[in-house]
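To start, the structure under review is shown below, and the notes come after it.
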Amino acid sequence: MSKESRKKLIVQFITFNIVGLLNTAVDFLMFTALIWFGAYYLLAQVVAYSAGMINSFVLNSRYTFSKSNHTSSDTKKLGMSVRFIVWNGILLGVTLLLLAALTQWWGLNHLVAKVIVTGVTVLLNFYGSKKWVFTTNGTQAESS
């Protein structure tokens, strides 16, 4: 990997994580509010994750992986949207499994488990987003 490519990847990863912090804030606030109002924690996770996911798609497609997306056709954008939904569905499944394992089997507090699970899924999400979701013509998306 060239020095320029490495620099672009680092900038892209930083941007992805800034967007991720916003997504996580939306997710955590929604999750905490729903738990506070008495929602079942796995249902709260689905709703909260969905709110963060919408924020993620809008911001990552616009800022993090934007260079390749501005020139994409509507068909390619639709494909990207479908990949985004599929990938986030997979991540939601991983999240739910880990939350259940950490709370029901290990006895951790729901919010502590949420912090741990979030840490695990950040790296998975960046990798999948970069390599599969926000790609065009089978090429990796570059940062702008």
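Tabulated values for the structure
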quantity	calculated
2 or more residues of a type outside the set (Phe, Trp, Tyr), at negative phi and surrounded by fewer than 14 Cβ atoms within 10 Å (Cβ to Cβ): qualifying helices (runs of 4 or more DSSP H) within region 6-115	41-59, 74-100
Considering residues of region 131-143 that are of a type outside the set (Val, Ile, Thr) and at pLDDT below 85 only, the residue nearest to residue 57 (Cα to Cα)	134
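The values are calculated or read from the model by the stated rules, or taken from the named source; none is laboratory data. Being a predicted model, the structure only gives us computed values, none of them experimental. Reconstructed Cβ throughout: ideal geometry from the backbone, glycine too, with neighbour counts over all protein chains shown.
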